[in-house]
1. Roughly how many Å² of Asp321 are accessible to a 1.4 Å probe, to the nearest 10?
2. Sorted by average packing, counted as other Cβ atoms within 10 angstrom per residue and highest first, what order do 206-217, 518-529 take?
3. How large is the dipole of the chain about the Cα centre if only Lys and Arg carry +1 and Asp and Glu carry -1, each at its Cβ, rounded to the nearest 20 debye?
4. Between Glu611 and Asp580, what FRET efficiency comes out of the Förster formula 1/(1 + (r/R0)^6) with R0 = 22 Å and r the beta carbon distance, rounded to 0.05?
5. Which shape class, rounded, prolate or oblate, goes with the stretch 457-597 when its Cα gyration tensor gives a ≥ b ≥ c as root eigenvalues, a/c under 1.5 marks rounded, and past that a/b bigger than b/c marks prolate?
6. Say a paramagnetic label sat at a point 7 Å from the Cα of Asp65, along Cα to Cβ; which residues of the stretch 128-166 have their backbone N under 17 Å from it?
7. With unit charges on the beta carbons (Lys and Arg positive, Asp and Glu negative) and the dipole taken about the Cα centre of the chain, which residue among Leu717, Leu620, Ile497 sits farthest to the positive side?
8. Treating cross-link reach as a plain straight distance, find the lysines whose alpha-carbon is under 19 Å from the alpha-carbon of Lys138, omitting any fewer than eight places away in the same chain.
Amino acid sequence: MDDYIDPSVLGVDEKYAVGQPVPRTEDPLLLRGEGKYSDDINLPGQAYCVMVRSPYAHGVLRRIDVTEAQTMPGVLGIYTAAELEAAGLKPLAARQVMKNRDGSPMLMPTRYALATDKVRYVGHPVATVIAESVAAAKDAAEAVIVDVDPLPAVTEPGLADAPDAPQLYDDVPANVGLDFHFGDSEKVAAAFASAAHVTTLTMRSNRIVVNPMEPRAAVAQYDAAAQHFTLNVGCQGVFGFRNYIANVFGVEHHQVRILTDRVGGSFGMKQADMAEYYCILQAARDLGRPVKWTDDRSGSFVSDSHGRDHHMTAELALDRDGTFLAIRVSGYGNLGALYGSPGPATGNVVRNTLGVYKTPLIEVNTKCVFSNTSPVGAYRGAGRPEANYYMERLVDMAAAEMGIDNIQLRRRNHIPTAAMPYKAGNGQTYDSGDFTALLDKALKLADWDGYPARQQESRARGKVRGRGIGDYLELTGAAGREMGGIRFEPNGDVTIITGTLDYGQGHAAPFAQVLAMKLGVPFSRIRLLQGDSDELIAGGGTGGSKSMIVSGNAIIGASEKVVDAGKLIAAHVLEAAVADIEFRGGRFVIAGTDRSVGLLDLAGQIHTGIELPPDVPQTLDVADIYDGPPSAFPNGCHIAEVEVDPDTGVVEVVKYTFVNDFGVVINPLLVNGQAHGGIVQGIGQALCEATVYDDEGQLLSGSFMDYAMPRATDAPLFVHDFHSVPATTNPLGAKGCGEAGCAGALPSVMNALVDALSEFGIKHIDMPATPERVWRAIQQAQTR
């Protein structure tokens with residue numbers, strides 16, 4: 001099904017061409033257990049850090065008594081907010097700043113690394129213990145007395161702005177940090193007033209505990225003579241991470257170095273605004289020795305930021321023929337107790353809800369509220385999957401209510417290919433897309449017409465079968481500037497230097513494929529450097545499915561500069577005019593002759609000391625900054641089939657088909673892997689991942705005993721294909737793929753489930769559709 005040639009028939013160089021399924025180059029090392037993650041870093045003389053966290057969700061912090069803990073064996077130091085403030089550490093700034101509907105700035109209560117006046121969620125860090133061993137630090141942490149006057153807690157975003165709700169901050173009335181609005185309310189209201197039909201649906205995007213395979217860990221060092229910090233830490237981009245930390249410590253950026261090697265997943269979570277890093281950096285400065293902190297899994301359930309947790313009411317206005325007139329989404333986004341990420345529940349709803357449809361009007365109203373829960377940040381897709389979920393659930397419900405086939409309703413409202421570039425109602429301009437043809441391709445691949453026979457077969461086994469479509473589109477890329485660095489090493493290797501960061505995606509192979517295409521450098525000689533802030537002059541990190549779009553663009557730009565410089569140097573070496581030098585196949589050639597010099601040969605001559613005139617470049621190395629290209633719009637159609645056991649409520653995804661338009665696919669093997677992972681995470685959110693707090697703000701699902709993660713057995717073998725329409729917004733024609741699996745999975749799985757449950761008269765069920773919830777919904781429907 002994939003659009004690539006069988007590698008066995010290709011030559012050596014062709015096997016690594018753009019479009020070929022090149023395996024990840026790091027996998028042999030990882031499979032041998034030789035990957036170096038943050039917890040694998042151990043430095044001579046290091047001390048160990050253990051955090052003291054609040055056991056209360058909300059309360060006034062009266063005192064922290066460390067008297068006994070300080071005298072315990074092996075204890076080197078104990079830090080509270082007072083010690084960090086005395087050392088000059090500044091508050092942790094909000095990483096995403098937005099405006100209220102009236103144009104005023106959002107409310108950003110001052111946040112320090114450790115709690116000061118109050119504790120605001122279970123797990124809120126209040127102190128840190130530094131000791132000679134982890135065991136000694138844990139013993140002392142248990143001896144720290146945290147005196148808190150408990151206060152009532154609120155965990156549900158829809159209740160946080162109630163008049164009687166507990167107030168987390170004195171300077172944030174009604175707990176509303178951001179009152180967001182987008183759209184022309186009068187025009188949208190008029191469209192709804194004139195509509196022949198309005199479909200309304202209240203939906204919840206359930207809170208997710210991120211749970212990367214690798215918990216967070218870090219090792220801090222301080223060089224007193226140089227007044228310089230070094231932090232080994234897993235993250236999503238070292239350049240911005242360095243700048244954020246330097247700002248908190250009030251030092252110059254060059255006084256901080258961030259080093260990241262392998263990262264065992266992040267999904268948006270491993271960011272710089274985490275308390276532990278500031279504690280160990282300050283301790284390293286005070287003690288004059290390295291300090292290490294490693295989270296454990298139970299700790300990560302409360303110390304890491306969570307994802308999702310949006311409660312929305314979505315409305316779709318249609319005319320009598322089923323043409324979409326307007327959509328309105330209103331509700332709440334949960335920030336958690338500290339300033340989280342408001343974008344997923346606001347701007348990304350605006351940019352992604354319209355999807356593949358020519359809906360002329362959209363209005364979004366979101367209150368982003370503080371609650372006594374762990375902070376909520378980005379999680380794979382960061383609002384994109386939710387937005388597509390809202391739209392696709394509305395489409396299926398509208399089709400059912402109006403008696404229109406749900407496929408025909410989609411086709412009727414698709415943006416036609418001939419309309420590209422298309423200015424959408426949210427202000428975005430779609431550059432490309434072939435939505436109806438892609439949908440038709442997915443229907444054929446999924447054997448849509450053969451479904452009745454499969455449905456009858458399921459029924460014969462006592463199961464109820466349903467099918468659902470997720471016809472999605474998301475906005476990616478477009479974030480900031482990126483470094484494009486190419487360095488020719490003395491040993492003949494070529495190093496790509498760029499500020500995105502691989503935390504499981506497998507950047508090395510596809511980036512090398514791009515460079516090999518541009519410069520003709522052997523794939524095996526290409527290396528990738530991303531995880532050292534001292535090597536970067538810019539870097540936006542990895543997120544928003546943008547890595548190939550921004551770093552690929554930077555690699556192409558840097559390659560062109562290598563060629564420009566190489567022509568000047570080659571002209572001197574070959575004793576020819578610059579105008580006669582051509583570059584092809586990795587060689588500089590005098591046009592019309594057989595005289596040439598290879599790029600790597602030229603680099604080698606430079607390293608061995610060839611004398612070059614002063615008016616000729618002295619190196620082939622490039623280190624430049626490139627503006628990120630405009631957004632791209634990956635899209636696709638996912639079709640899920642599920643079986644429901646009505647006696648137990650167990651839901652199984654038994655068939656799953658997807659067709660994606662990711663533009664030019666650099667490496668289909670890795671792209672499909674990204675899609676598979678995103679789909680499984682979507683299945684997890686849809687069917688099993690439930691984050692539960694009690695009325696006092698205690699996390700009841702605080703371990704894998706109570707929090708269900710998706711497993712390999714929860715997904716069938718996937719059937720897939722590409723329907724590639726190259727993007728016109730970047731030189732590679734790529735559109736991004738990292739988050740699309742979630743965007744297609746949430747609506748397709750939930751639409752399939754509702755289709756199955758429609759036999760019982762059920763029109764909607766919220767995520768996660770756990771067996772208990774499904775069974776209860778069936779029982780209630782049968783007793784009505």
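1. That residue has around 90 Å² of solvent-accessible surface.
2. Listed from highest to lowest mean packing, they are 206-217, 518-529.
3. Working: 66 positive and 94 negative charges, 185 e Å.
Taking the Cα centre of the chain as origin, the dipole is about 880 debye.
4. Values: r = 22 Å, r/R0 = 0.99.
Using R0 = 22 Å, I get an efficiency of 0.50.
5. Since a/c reaches 1.5 and a/b is larger than b/c, the shape of the stretch 457-597 is classed as prolate.
6. In the stretch 128-166, the label zone of Asp65 (backbone N under 17 Å from the point 7 Å along Cα→Cβ) covers 140-150.
7. My answer, from the dipole projection, is Leu717.
8. Candidates past the 8-residue exclusion: Lys292.
The values are calculated or read from the model by the stated rules, or taken from the named source; none is laboratory data. Treat the numbers as computed from the prediction; the structure is a model and nothing was measured. As a convention, Cβ positions derive from the backbone with ideal geometry for all residues, glycine included, and neighbour counts pool all protein chains shown. With ligands, DNA and RNA removed, areas are computed over all heavy atoms of the protein, side chains included. Shrake-Rupley method; radii C 1.70, N 1.55, O 1.52, S 1.80 Å.
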